[in-house]
Amino acid sequence: MAAPKMSVGKPTADRLPCNTTSFQKKSRSKLVSIPGTRPSIQNGQLIVSTGVTSLDYVIGGGLAVGTLLLIEEDRYDSYSRMLLKYFLAEGVVCGHELYVASALDHPNDILQELPAPILDDIASPKTEDQAKSCDPESQDAMKIAWRYQHLPKVQTALASSSRFGHYYDVSKTMDPEICQAARCHGFYLPEHSTAVTSPTATTPGQSPMPETYSSLLNNLQEVIHREGFDGTVPQTKSRNILRIGLHSLGSALWDDDLCCRENPSHGHALTTFLYGLRAMLRSSLSVAVVTVPSHLIQNRALMGNITRLCDTAIALESFRGSERETNPLYKDYHGLLDVRQLPYLNCLVCDLPDNKDLAFKLKRKQFSIERLHLPPDLSETVSRVSRGELTGTAILGSSGCGSGSTGNRHLDF
């Protein structure tokens, strides 16, 4: 048997390496760096701010790119419209492109009503509790009741440890030069009414999507492809985010009888549109906010289907015109906020908020969401006010012991 030949005398370069392997170290893929975005600490998804820092905290840090946020409008469409303006104003400040669709107001009129951003030196205003704790005169002037001194303080403000997003002043409007510098695409339904006037033939037992939703979806898809927001097509220019704001879908202005009848003829029109919109968002660098007048929709099962077709859903309940407006329990708030649904992104369980009792209030300059916290001395105040009346009623109406006593003293047994 011949012995193997040794590679003696061969240069080192001609020798085969003895530790040859196909293993390669896997490097972590880099996320797309876009201004106004950051990766989520929970699931690594690229997120943007809603414009309201407290709302970002409630929904898990912000809105993930490629997702849909549903806002159930309040009765007078005041605060839901304000949240939409915050969302669009954040896009203007971050340099994102906007897409605004409305059937009532022109998109240019909505842009002129955006709140003005606050400067960085006053961008993180102190809360009332922090202001009082920093003032030594207020500490000497006010003393808390002795029985409440050792109770833990309730932190009502919702804020994250790391800053994300900007702050805005609702008492002022954004500078027109800033608004004009922003790139905005608008869809005003009366201007596209020529495509809606031609009725389509309907077959019995079917409720096709109206031409209003079809033209809106086609126009939005055209903008996404033309402006380079489609993630399936390689892009040569720098990437950006498209913020989509759709106002009051499902109302009669969009040629939808969803809010007019319990059994609408186009019952699946809005759900079909949301299904197509959500599929479009998944493959593009865009994020959408949709407002729906849910208080006008009589079919609650259909409203549940609309909620499940969205990634995140919140509901606003305003106190205006209701009995809660004069209730002393809610004197510090203007309405309640309910988190209907949170997204499941790259995980099996979503991050639920630590407190579901949330309320919102509109201050002189800012809109904020806080934990609903009732004052501890409210029951004591009510009892002090009604103590004399209850004592007098008990004395006049009693026929047993103490019935012969006079005055407003307590009953003695």
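Quick note: the coordinates plus some simple rules give every number you see, no bench work behind them. These numbers were taken from a predicted model, which means no experiment stands behind them. Because the Cβ atoms are built from the backbone with ideal geometry, glycine has one as well, and the counts that use them run over all protein chains shown.
Below is a table of values for the structure above.
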| item | result |
| --- | --- |
| Cross-link table 85/363; 172/361; 172/237, entries beyond 24 Å C-alpha to C-alpha | 172/237 |
| Highest-first arrangement of 244-257, 103-116, where packing means the average Cβ count within 10 Å | 244-257, 103-116 |
| Relative contact order, percent, the stretch 234-348 [alpha-carbon distance under 8 Å, six or more residues apart] | 25 percent |
| Label-point separation in nm, residue 262 to residue 172, each point 7 Å along Cα→Cβ | 5.2 nm |
| Ordering of 52-64, 258-270 by burial proxy (mean other Cβ atoms within 10 Å per residue, highest first) | 52-64, 258-270 |
